[in-house]
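One structure below.
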Amino acid sequence: MSKQQALTNMSDRAEALMRGDPRLDGGSREDVVTAWQRANSLKPDGWPGNATLSALWSRNKPSADDIVAAARAALDWPPVTYSMSRNTGMGESWLPDNGAGYATGDCSDFACHCLGVPKNQTNGQRITTGAPVWLGADAIASGHIGHPRPLADTQPGDLIVYPGKWERGERVAIGHVEVCFEVRGGRIVTIGCASSNGRRRSRYDQPGSAIARADKTDLWRRKGAVAVRPWWNA
């Protein structure tokens, strides 16, 4: 990707966060990136690559309210088609624009979108102390985002997740992850991207969209799901 492409692809949200740094003056998007890099001891080349954007994310980690707001904003996107094989960009960039909308994606794409991190961040700054990871449902459930805790301890902004099942080294069941939107007594309301959502009709959500809000508490309990609170919000 060229520098110009990287500048074009950088989200308005990321640019706004850079421009909000009181140490910076105005200028073009490239000028702002260069100045922000210089102010944060990065190579001042004006190229918003993984190192720059992951550093920006690290200084602007999403609060629980931010994660809930990102999930809620997705309910207003045009209908999304669930796909594990095709992705139009959801969950692939640092600090994405929450109002942009995407045509396709899966559950972990959506979770990573709400966290503001790319699912495959091999070339970016680690958000854990271990090796860079592919942030699928299995990785999230294994503690790469935060420490799993009992479902009864769920709070808004947590991820609700159950991992896939493996037999003799082969996956025989797919895991799933959604974002906790609200807790009502012992019931957990989540927002997530699921193939089953596309078949639902709700007065709250986009008809036929894979992204929807729902009370799936019984499913979570049946699957032995856990709540995962991002370590920076714990």
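None of the figures in this text is laboratory data; all of them are computed from the coordinates on show. These numbers were taken from a predicted model, which means no experiment stands behind them. We place every Cβ from the backbone using ideal geometry, glycine too, and count neighbours over all the protein chains shown.
Note on Asp21 and Ala69: their simple-model spin labels are 2.1 nm apart, each label 7 Å out from Cα toward Cβ. Stokes-Einstein diffusion of the chain at 25 °C, 0.890 mPa s viscosity, Kirkwood radius from Cα pairs, rounded to a whole number: 134 µm²/s. The alpha-carbon of Lys223 sits under 29 angstrom from the alpha-carbons of these lysines, leaving out residues fewer than 8 places away in its chain: Lys119, Lys165.
For the chain, a simple Cβ point-charge model (Lys and Arg +1, Asp and Glu -1, everything else neutral) yields a dipole of about 600 debye relative to the Cα centre. Using just its DSSP H runs of length 4 or more, each adding -39500 (n - 2.57), the chain gives a mean residue ellipticity at 222 nm of -8000 deg cm²/dmol after division by all residues. Phi angles of region 141-154 translate, via the Karplus equation with coefficients 6.51, -1.76, 1.60 and θ = phi - 60°, into HN-Hα couplings of 5, 7, x, 6, 9, x, 8, x, 9, x, 4, 5, 8, 4 Hz per residue; Gly and Pro are given as x. Computed log10 I(q)/I(0) for region 3-58 at 0.19, 0.20 Å⁻¹: -0.53, -0.60, from the Debye equation with unit scatterers placed on every C-alpha and solvent omitted. Among His176, His147, the order by Cβ neighbours within 10 angstrom, fewest to most, reads His147, His176. Working from Cα pairs under 8 Å separated by at least six residues, relative contact order for the chain is 18 percent.
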